[in-house]
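Enquirer: Before we start, here is the structure in question, set down as structure tokens.
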Amino acid sequence: MKQYDIAIIGGGPAGYSAALYCARAGFTTAVLEQLAPGGQMSTTNEIDNYPGFDDTVDGFDLAEKMQRGAERFGAVTEIADVTSVQLAGDTKLLKTSEGDFEARAVIIATGAAPRELGVAHEKELRGRGVTYCATCDGRMYKDKTVVVVGGGNTAAADALFLAKLCKKVYLVHRRDSLRATRLYIDALQKMKNVEFIWNSQVAEFLYDAKVQGVVVKNVQTGETRRIEAEGIFVAVGRVPNTAMFQGQLELDDAGYIVADESTRTSLPGVYAVGDVRTKVLRQIVTAAADGAVASHYIEEYLA
């Protein structure tokens, strides 16, 4: 059994930021990552909203830089799939595909995955016109035509953001009105380049090497319509990776770990950072900030 002061589940920007700060503070620190560093960030080809870069940076390259930065101070990366955890008590037990780990404190950085539409070829078109983050990828579609799918605050905010960049924005929603707050709705209705496609859902992607548009189907009449577009922004929610923590940590109604800006959870010695915790804004920079904050409170806890 391997033992560390701090075990971090997840090797995205939150996890490696936490690893850097914790290792730099002198704690033995392990990052448990099931595949490769970066999390959702590594699937983004062009990141242009992370401070410190005067040009766009590839998500996978940025992830490797974060990994090397943490390992420079002694953090260890363990390629292991965490299958179950026991988080109560002073010593935390993590069972993985590569054996058991013990830690005095645990940082959960398992992130959240975008909810997919479930339309054929969606996965293979990701990064080729299908995207799940307007603030991450929107500038790639400046002066182009795009489609936003969804009806909540995220979809409305994405459509509003893109309307300021793009030539045309189609907002496709399966109902006849948005679930977004009035503030977003009023702002969208003032945008002359936003067109609402009500009572409709995406039935098919049009593509060659990249996305060329979508076929939308009216859920009431069954009629279909082709919409030519270079980008499809899916905003139908996210799914936090918290299944293994149910029954041990307090989760909110959407399944996110309840943790405030201190990143402390409902159990002593357990912290949640990045997209997996309750928060207003889920971006690379806020995930990295969480990692630094968690290390501060862990120092207090372990002392």
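Enquirer: Being out of contact with any Cys (no Cβ under 9 Å at 6 or more places or on another chain), more than 24 Å from Glu223 (Cα to Cα) and either outside the structural domain of Glu223 (by TED's automatic domain parsing) or touching a residue at least 24 places away in the same chain (Cβ under 8 Å) (or both): is that true of Phe196 here?
Expert: Judged against the criteria, Phe196 is not a match.
Enquirer: From the list Lys168, Lys144, which one is farther than 17 Å from Val215 by Cα and not polar (S, T, N, Q)?
Expert: Just one listed residue meets the conditions, Lys144.
Enquirer: So Tyr271 passes all but one of these: (1) in contact with a strand residue (DSSP E or B) (Cβ under 9 Å, 6 or more places away or on another chain); (2) surrounded by fewer than 24 Cβ atoms within 10 Å (Cβ to Cβ). Which condition number does it fail?
Expert: Evaluating Tyr271 over (1) in contact with a strand residue (DSSP E or B) (Cβ under 9 Å, 6 or more places away or on another chain); (2) surrounded by fewer than 24 Cβ atoms within 10 Å (Cβ to Cβ) leaves (2) as the failure.
Enquirer: Would you be able to tell me the number of residues in the stretch 22-49 that are surrounded by fewer than 24 Cβ atoms within 10 Å (Cβ to Cβ) and closer than 17 Å to Val106 by Cα?
Expert: Result for the stretch 22-49: 6.
Enquirer: A further question follows. Considering each residue of the stretch 133-150, count those that are in contact (Cβ under 8 Å) with a residue 60 or more places away in the chain and not in a helix (DSSP H, G or I), and give that number.
Expert: 8
Enquirer: Please work out which residue is nearest to Glu78 (Cα to Cα), limiting yourself to the stretch 99-121 and to residues that are charged (D, E, K, R) and at pLDDT 95 or above.
Expert: In this case the residue turns out to be Asp100.
Enquirer: Among the candidates Leu35, Leu94, single out the residue that is in the same structural domain as Val270 (by TED's automatic domain parsing), modelled with pLDDT of 95 or more and not charged (D, E, K, R).
Expert: Testing whether each residue is in the same structural domain as Val270 (by TED's automatic domain parsing), modelled with pLDDT of 95 or more and not charged (D, E, K, R) leaves just Leu94.
Enquirer: For the stretch 186-197, check the following and say yes or no: at least one residue is at pLDDT 95 or above and closer than 19 Å to Arg126 by Cβ.
Expert: Looking for residues that are at pLDDT 95 or above and closer than 19 Å to Arg126 by Cβ, one finds none in the stretch 186-197, hence no.
Enquirer: Any residue at all in the stretch 159-176 that is farther than 27 Å from His121 by Cβ and in contact with a Phe, Trp or Tyr (Cβ under 8 Å, 6 or more places away or on another chain)?
Expert: Within the stretch 159-176, one or more residues are farther than 27 Å from His121 by Cβ and in contact with a Phe, Trp or Tyr (Cβ under 8 Å, 6 or more places away or on another chain).
The values are calculated or read from the model by the stated rules, or taken from the named source; none is laboratory data. Not measured: the values here are computed from a predicted model. Backbone-built Cβ (ideal geometry, glycine too); neighbour counts: all protein chains shown.
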